[in-house]
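The values are calculated or read from the model by the stated rules, or taken from the named source; none is laboratory data. Being a predicted model, the structure only gives us computed values, none of them experimental. Ideal geometry is used to build each Cβ from the backbone, glycine not excepted, and the neighbour counts take in all protein chains shown. With ligands, DNA and RNA removed, areas are computed over all heavy atoms of the protein, side chains included. Shrake-Rupley method; radii C 1.70, N 1.55, O 1.52, S 1.80 Å.
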Amino acid sequence: MNLFNIIEEVEKVDPEVYGRLSDRRSVIKNITSFGTKVAAAALPFAVGTMFQKAYAQSGAKPTVLEILNYALTLEYLESTFYNAGSAKGTALIPAQAASYYFNQVTKDENNHVAFLTTVIKSLGGTPTAVPTFDLTAGNGSGNGPFKDVLTNYQTFLAVAQAFEDTGVRAYKGQAQYLTGESNRVVLTAALSIHAVEARHASAIRQIRGLTPWITSTATLGNDTGIALVNGNYDGEQNVIQGGVDVTTLKGANGGATSVATATAAFDEPLSMSQVLALLVGSFIVH
Amino acid sequence: MKTEELEKVGNANMARRSFLRYAGVGAASVGLLATAACHKNYYHDYSPTAGVDIGSGDYGILNYAYALEQLEAAFYTQVILTPYSGISDSERTLLTEIRDHEILHREFFKAALGPNAIKGLTPDFSKIDFSQRSSVLGAAMAFEDLGVQAYDGAGYLISNPDYLTIAGKIVSVEARHAALIRNLIAPGSFAGSDVVDTTNSLNTATEIKNVLAIANTYLKSKVSAKNYGYTA
């Protein structure tokens, strides 16, 4: 791989790339320095991190209220979805699945909406309005790719799973902005909701007969068998954690660590813009 | 016997060495956790059952996580070595996968913390009957729920955003484990009211001292957290 070509390519779409990465000379210096210190296999990650840091700086760090309203938007979507499903009764959801799974999940998502609304108000903010949703992902047409979502239980399960797994990723993506003692309460609450979403994701994946955790391949994050949600799972195939390719670490009995284990053992975050790009114009009417 | 020795590893130092070679510990810019100077707050008593203290700061919290992952990895390693009576193929597969996740979490923290890592801990599973499904799954549930509560309760003590994200990547997998184990014990209990409150639907978050008081009942080498108000 040729690092300089990559930077040239980026420069074509972002003429300010060198400015973002500091000045050109130090870019080269950094790359050279990385190159001497890092094994060749780790180089793509080193470069990725460099760009990630450069671009992260171009967007302002979200405020706590922005994060909470973003979370509330996601919870509105989930609660609207489960409330609509529950309203269909056994015409959509088998009675046993309702009593074992969906009654709990529906209650939790409604509780999250109420909780976040209260927290936002208590911080002097204004809870964002409920967006217009299209549960078929048709951007208001009601005729999107999941058009039988409220009449076909398998479609309902598939969308539920995508929402839960995406919700886990969305909360995870915001934790980094909530460090520090002043954010203690909000971070702990966000992590606590995050864990509940992961419990839901696990349970719904169990109903669908999948592993409760996301088991990606080296090239495809999505393990749901539904290509339409590839974007929701993209990035889950990552095996680099903290600069370490975890497939190089020792597995059980001293053996190798497989990509399946490496990807399942770590869930990956999504940024706010990534999540909104997945939802706005499909599930959230734009 | 230390937790990782339960795996009957042929060459336990192998992966460690290859990590060092791979990431190059001399290259402080590479290993995520290898940047800060080595400041040790830990005991250096290497007798197998001596106590340890997690230390302070981000390394303290990461060592706290490392301690819990060591415990979980040792537990599932034993579960797979001596499966309970009547284990189904499906349960064996799922529990093996969980074992592998926990081993990887442990190895990740060990590699990432490098010289700042606490030592390998010696478990005490004398209260667990590994031949009985109910005993094993009950312990698994306790470990998984405890792990989730520990990460949720200690997240705010992590100051580095990157470390916090990594903790987040792990805690949701622990929650996925917890939900599975709970459903194996009682279908529909994946978010039971003993772990998720019924008013706000928040997972319980637990302070370090309360987590360690429970974890230590499964450890011969007791873990303390003096900087967080707990001495074993």
Out of B:232, B:205, sole residue that is touching a Leu at 6+ places or on another chain (Cβ under 9 Å) and more than 9 Å from chain A (Cβ to nearest Cβ) = B:232
Kindly establish whether residue B:62 is closer than 18 Å to residue A:211 by Cβ and touching a residue at least 24 places away in the same chain (Cβ under 8 Å).
-> no
Residue by residue through segment B:171-185, note down the ones that are β-branched (Val, Ile, Thr) and facing chain A (nearest Cβ under 7 Å).
-> B:171, B:173
Out of (1) more than 30 Å from residue A:116 (Cα to Cα); (2) open to solvent by 50 Å² or more (accessible area, probe 1.4 Å), the odd one out for residue B:225 is which?
-> (2)
Residues satisfying the stated conditions in segment A:116-163, i.e. touching a Gly at 6+ places or on another chain (Cβ under 6 Å) and of a type in the set (S, T, N, Q) | A:136, A:139
Can you spot a residue in segment A:103-122 that is farther than 28 Å from residue A:267 by Cα, more than 10 Å from chain B (Cβ to nearest Cβ) and open to solvent by 20 Å² or more (accessible area, probe 1.4 Å)?
-> yes
Tell me, yes or no, whether segment B:187-202 has at least one residue that is in a helix (DSSP H, G or I) and in contact with an Asp or Glu (Cβ under 7 Å, 6 or more places away or on another chain).
-> no
Restricting segment A:92-102 to residues that are open to solvent by 30 Å² or more (accessible area, probe 1.4 Å) and touching a residue at least 12 places away in the same chain (Cβ under 8 Å), which is nearest to the chain's Cα centre (by Cα)?
-> A:101
Near pairs, Cβ below 9 angstrom, 6+ apart or cross-chain, from segment B:79-93 (open to solvent by less than 70 Å² (accessible area, probe 1.4 Å)) to any residue that is of a type in the set (Phe, Trp, Tyr) and not in a helix (DSSP H, G or I) | B:79/B:130; B:82/B:130; B:83/B:130; B:84/B:130; B:91/B:84
Matching residues in segment A:259-273 - criterion: being at the interface with chain B (Cβ under 8 Å from one of its Cβ atoms) and polar (S, T, N, Q) | A:261
Matching residues in segment B:108-124 - criterion: being open to solvent by 10 Å² or more (accessible area, probe 1.4 Å) and not hydrophobic (A, V, I, L, M, F, W, C) = B:110, B:114, B:115, B:119, B:120, B:123, B:124
Taking the condition over 22 Å from residue B:205 (Cβ atoms), in contact with a strand residue (DSSP E or B) (Cβ under 8 Å, 6 or more places away or on another chain), open to solvent by 10 Å² or more (accessible area, probe 1.4 Å) and outside any helix (DSSP H, G or I), does residue B:127 pass?
-> no
Top-ranked residue of segment B:139-170 - restricted to ones that are more than 9 Å from chain A (Cβ to nearest Cβ) and charged (D, E, K, R), ranked as nearest to the chain's Cα centre (by Cα) = B:144
Consider residue B:145 against the criteria (1) surrounded by 18 or more Cβ atoms within 10 Å (Cβ to Cβ); (2) in a loop (DSSP other than H, G, I, E, B): it satisfies all of them except one. Which criterion is unmet?
-> (2)
Please specify each residue of segment A:227-274 satisfying the condition of being hydroxyl-bearing (Ser, Thr, Tyr) and either within 18 Å of residue B:162 (Cβ to Cβ) or crowded, with 17+ Cβ neighbours inside 10 Å (or both).
-> A:233, A:247, A:248, A:257, A:261, A:263, A:271
Exclusive hit being in a loop (DSSP other than H, G, I, E, B) and surrounded by 19 or more Cβ atoms within 10 Å (Cβ to Cβ), set B:215, B:205, B:232 = B:205
Consider residue B:136 against the criteria (1) touching a residue at least 40 places away in the same chain (Cβ under 8 Å); (2) facing chain A (nearest Cβ under 8 Å); (3) open to solvent by less than 10 Å² (accessible area, probe 1.4 Å): it satisfies all of them except one. Which criterion is unmet?
-> (2)
